[in-house]
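Student: Below is a structure I'd like to ask you about.
The values are calculated or read from the model by the stated rules, or taken from the named source; none is laboratory data. In this text, all values refer to a predicted model and were calculated from it rather than measured experimentally. For neighbour counting, all protein chains shown are included, and Cβ atoms are generated from backbone atoms with ideal geometry for every residue, glycine included. Only protein heavy atoms, including side chains, enter the accessible area calculation; ligands, DNA and RNA are left aside. Shrake-Rupley method; radii C 1.70, N 1.55, O 1.52, S 1.80 Å.
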Amino acid sequence: MVRHFLDIHQLDAADLRSILDDAHARKAARKGWPQGRPDADAPGKDRVLAMIFEKNSTRTRFSFDAAIRQLGGAAIIATASDMQLGRGEPVEDTARVLSRMVDAVMIRANSHEDVERFARVSTVPVINGLTDRSHPCQILADLQTIEEHSGPVSGKTIAWIGDGNNVCHSFMHAAPRFGFHLNVACPAAYHPDLRDLAKGGGAVTLTSDPREAVKGADVVVTDTWVSMGDQDYEARLAAFEDYTVDEALMGLADPDAVFLHCLPAHRGEEVTDAVIDGPRSLVWDEAENRIHAQKAVLAWCFAG
């Protein structure tokens with residue numbers, strides 16, 4: 001059976017815990033190594049990963065490329081405009097062709113539905129590198145970062161401040177699987193999709209008050225207020241005016257609370273320089289951990 005990694009809520013807690021534990025172990029095992037040296041077990045040896053980008057990328061592109069190399073494999077990278085996919089070829093036809101040429105496909109896509117369509121006919125693993133609906137690889141890196149600095153994420157409270165976007169959706173998917181509580185604070189007009197909120201069940205609390213969400217939290221997370229494709233920049237700036245994560249807001253969290261942001265950050269909007277550059281910020285570790293978390297996802301896919 002082909003193992004796809006499309007959404008966190010589609011995997012059971014044991015598989016997710018195994019992937020996260022493997023991410024920790026792989027990072028620890030190569031401490032001090034050059035980035036290009038393959039892991040000792042090289043589970044991606046002789047494997048080729050296709051990487052398809054419909055959206056611009058820094059962290060996803062570099063981290064997946066580094067990840068497959070460190071697993072002992074290679075990558076082929078293309079934008080949709082490089083391919084017939086960008087000229088109207090059906091998603092399913094592209095999936096059938098690539099399934100005969102590569103060993104796995106990572107897609108950073110505009111439409112979540114397109115990734116699901118791709119996976120339905122693909123005979124090799126498909127990994128969601130980001131869609132308009134979710135960003136599961138980011139959340140695994142975030143949880144890895146939390147655990148390496150603050151211990152097991154189970155039982156912790158994470159506060160999400162800002163837009164109820166794709167990253168927020170994946171945090172909601174993860175909360176019941178990993179046993180943490182998620183407080184989501186966003187303006188009513190920008191709340192998360194209710195279908196994704198339901199997947200979080202009782203592990204998610206929704207509010208419009210960022211102070212209420214952050215109070216006593218172990219982790220504070222935010223993201224850009226205006227994602228790629230959003231056309232309502234001015235309206236969003238006005239709606240999120242009171243949702244900036246600054247030192248005063250962080251002061252309401254637990255004294256040992258840490259700050260995360262998936263980047264890129266719009267400094268002075270969703271977060272101040274004092275927070276993102278401050279002692280509580282783990283954003284650079286978080287970015288690095290994209291490599292290790294995605295290596296663990298790839299290894300899990302290849303083991304199927």
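Student: Residue pairs, Cβ under 9 Å, 6 or more apart or interchain, first in segment 71-88 and more than 14 Å from A50 (Cα to Cα), second in a strand (DSSP E or B). List them.
Tutor: L71/L49; G86/T79
Student: So if I check each of A23, A42, which one is buried (at least 20 other Cβ atoms within 10 Å of the Cβ) and of a type in the set (A, V, I, L, M, F, W, C)?
Tutor: Values: A42 fails: buried (at least 20 other Cβ atoms within 10 Å of the Cβ).
Unique residue meeting the criteria: A23.
Student: Moving on. Within segment 94-125, restricting attention to residues that are polar (S, T, N, Q) and within 26 Å of G72 (Cα to Cα), which residue is most open to solvent (accessible area, probe 1.4 Å)?
Tutor: Taking segment 94-125 and keeping what is polar (S, T, N, Q), we get 94, 99, 110-111, 122-123.
This time we only want the ones that are within 26 Å of G72 (Cα to Cα), so: 94, 99, 122-123.
Numbers: T94: 6, S99: 19, S122: 10, T123: 95 Å².
The selected residue is T123.
Student: Output the residues belonging to segment 69-90 that are at pLDDT 95 or above and surrounded by fewer than 23 Cβ atoms within 10 Å (Cβ to Cβ). Lay out the reasoning, then the answer.
Tutor: Start the filter on segment 69-90 by keeping residues that are at pLDDT 95 or above, which leaves 69-78.
R69, G72, G73, A74, A75, I76, I77, A78, listed by residue number.
Student: Given the criteria farther than 24 Å from E148 by Cα, at pLDDT 95 or above and surrounded by 12 or more Cβ atoms within 10 Å (Cβ to Cβ), does F53 qualify? So that I can check it myself, show each step before the final result.
Tutor: Numbers: farther than 24 Å from E148 by Cα: yes; at pLDDT 95 or above: yes; surrounded by 12 or more Cβ atoms within 10 Å (Cβ to Cβ): yes.
Judged against the criteria, F53 is a match.
Student: Is it the case that segment 205-225 has a residue that's assigned to a helix (DSSP H, G or I), loosely packed, with under 15 Cβ neighbours inside 10 Å and not assigned by the TED database to the domain that holds H112? Can you show your working first?
Tutor: Of all residues in segment 205-225, those assigned to a helix (DSSP H, G or I) come to 210-214.
If we keep only those that are loosely packed, with under 15 Cβ neighbours inside 10 Å too, we end up with 211-212.
Filter again for not assigned by the TED database to the domain that holds H112, leaving 211-212.
There is at least one residue in segment 205-225 that is assigned to a helix (DSSP H, G or I), loosely packed, with under 15 Cβ neighbours inside 10 Å and not assigned by the TED database to the domain that holds H112.
Student: Restricting to helices (runs of 4 or more DSSP H) lying wholly in segment 38-144: which have 2 or more residues that are over 30 Å from L197 (Cα atoms)?
Tutor: Working: elements: 59-70, 91-99, 112-121.
Per the criteria, 59-70, 91-99.
Student: What is the number of the single condition among (1) small (G, A, S); (2) in a helix (DSSP H, G or I); (3) touching a helix residue (DSSP H, G or I) at 6+ places or on another chain (Cβ under 7 Å) that A248 does not meet?
Tutor: Here A248 clears every test but (3).
Student: Looking at segment 186-202, which of the residues that are within 19 Å of the chain's Cα centre (by Cα) and under 22 Å from G155 (Cβ atoms) is surrounded by the most Cβ atoms within 10 Å (Cβ to Cβ)?
Tutor: The residue in question is G200.
Student: Does any residue of segment 22-31 turn out to be in the same structural domain as R120 (by the TED database), in a helix (DSSP H, G or I), under 30 Å from F180 (Cα atoms) and more than 22 Å from the chain's Cα centre (by Cα)? Give the steps one after another, and end with the answer.
Tutor: At the first step, the residues of segment 22-31 found to be in the same structural domain as R120 (by the TED database) are 22-31.
Now restrict to residues that are in a helix (DSSP H, G or I): 22-29.
Narrowing the set further to residues that are under 30 Å from F180 (Cα atoms) leaves 22-29.
With the extra rule that they be more than 22 Å from the chain's Cα centre (by Cα), the set shrinks to 29.
Within segment 22-31, one or more residues are in the same structural domain as R120 (by the TED database), in a helix (DSSP H, G or I), under 30 Å from F180 (Cα atoms) and more than 22 Å from the chain's Cα centre (by Cα).
Student: Identify the single condition in (1) open to solvent by 40 Å² or more (accessible area, probe 1.4 Å); (2) within 25 Å of R59 (Cβ to Cβ); (3) touching a residue at least 60 places away in the same chain (Cβ under 8 Å) that L237 does not satisfy, given that it satisfies every other one.
Tutor: Status for L237: all satisfied but (3).
Student: Could you tell me whether segment 97-117 includes any residue that is modelled with pLDDT of 95 or more, closer than 25 Å to P152 by Cα and in contact with a Lys or Arg (Cβ under 7 Å, 6 or more places away or on another chain)?
Tutor: Among the residues of segment 97-117, not one is modelled with pLDDT of 95 or more, closer than 25 Å to P152 by Cα and in contact with a Lys or Arg (Cβ under 7 Å, 6 or more places away or on another chain), which makes the answer no.
Student: On to the next question. Look at segment 251-280 and say how many of its residues are outside any helix (DSSP H, G or I), open to solvent by less than 20 Å² (accessible area, probe 1.4 Å), free of Cβ contacts under 8 Å to residues at least 60 places away in the same chain and of a type outside the set (F, W, Y).
Tutor: Keep residues of segment 251-280 that are outside any helix (DSSP H, G or I), which gives 251-272, 277-280.
Among the residues that remain, those that are also open to solvent by less than 20 Å² (accessible area, probe 1.4 Å) are: 253, 257-262, 270-271, 278.
Filter once more, so that each one left must be free of Cβ contacts under 8 Å to residues at least 60 places away in the same chain: 257, 259, 261, 271, 278.
Next cut, of a type outside the set (F, W, Y) only: 257, 261, 271, 278.
Here the count works out to 4.
Student: Still on this model: How many residues are in a loop (DSSP other than H, G, I, E, B) and open to solvent by 20 Å² or more (accessible area, probe 1.4 Å) if we restrict to segment 281-304? Working first, answer last.
Tutor: Within segment 281-304, the subset in a loop (DSSP other than H, G, I, E, B) is 282, 303-304.
Keeping just the survivors that are open to solvent by 20 Å² or more (accessible area, probe 1.4 Å) gives 303-304.
Going through segment 281-304 one residue at a time, the tally reaches 2.
Student: In segment 113-131, what count of residues is obtained for those that are touching an Asp or Glu at 6+ places or on another chain (Cβ under 6 Å) and in contact (Cβ under 8 Å) with a residue 40 or more places away in the chain?
Tutor: The total comes to 1.
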